[in-house]
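The values are calculated or read from the model by the stated rules, or taken from the named source; none is laboratory data. All figures in this text were calculated on a predicted structure; none of them were measured in a lab. Reconstructed Cβ throughout: ideal geometry from the backbone, glycine too, with neighbour counts over all protein chains shown. Calculation scope for accessible area: heavy atoms of the full protein, side chains included, ligands and nucleic acids excluded. Shrake-Rupley method; radii C 1.70, N 1.55, O 1.52, S 1.80 Å.
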Amino acid sequence: ASITDANSCLARDTFDLIFLDVHLPDGSGIDLLKSLQQRPQRPLVVMTTGFGSVESAVDCMKSGAFDYLLKPFSLDHILIALKNADEFTQLVKVNQFLSHEEG
């Protein structure tokens, strides 16, 4: 619901995937996205917004977003984002495994 709530959750747990709104009541979701990119274990972040623009989408992707969804989005959009995130994570794991095998 807010950056404060998100930071409280992030202090307690790690997350593989986060759905994060661009506009939050207490600040910019893009600022939180940028701070998430500094963590050792970076979660994949799907940015969401009801006020989408090309500039916003580009800014989010340049800041490290995995995906960008415009509201209102359907269950199918969420399922596609989850499937893509899972496939990406699996590819990263295979790549890491193969890199260790070669070394």
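Some observations on this one:
- Condition check for Pro25: over 29 Å from Lys93 (Cβ atoms), open to solvent by 90 Å² or more (accessible area, probe 1.4 Å) and touching a residue at least 24 places away in the same chain (Cβ under 8 Å): yes
- Residues satisfying the stated conditions in the stretch 3-21, i.e. farther than 29 Å from Lys93 by Cβ and either surrounded by 13 or more Cβ atoms within 10 Å (Cβ to Cβ) or charged (D, E, K, R) (or both): Ile3, Asp5
- Residues within the stretch 56-84 that are closer than 21 Å to Arg39 by Cβ and in contact with a Gly (Cβ under 8 Å, 6 or more places away or on another chain), tallied: 1
- Scope the stretch 64-87; condition charged (D, E, K, R) and open to solvent by 50 Å² or more (accessible area, probe 1.4 Å); matching residues: Lys71, Asp76, Lys83, Asp86, Glu87
- Per-region count, the stretch 40-56, residues without any contact (Cβ under 8 Å) to a residue 24 or more places away in the chain and within 27 Å of Ala11 (Cα to Cα): 2
- Pairs, first within 11 Å of Val46 (Cβ to Cβ) in the stretch 73-90, second aromatic (Phe, Trp, Tyr) and surrounded by 10 or more Cβ atoms within 10 Å (Cβ to Cβ), C-beta under 9 Å, six or more apart: Ile78/Phe19; Ala81/Phe19; Ala81/Phe66; Ala81/Phe73; Asn84/Phe66; Ala85/Phe66
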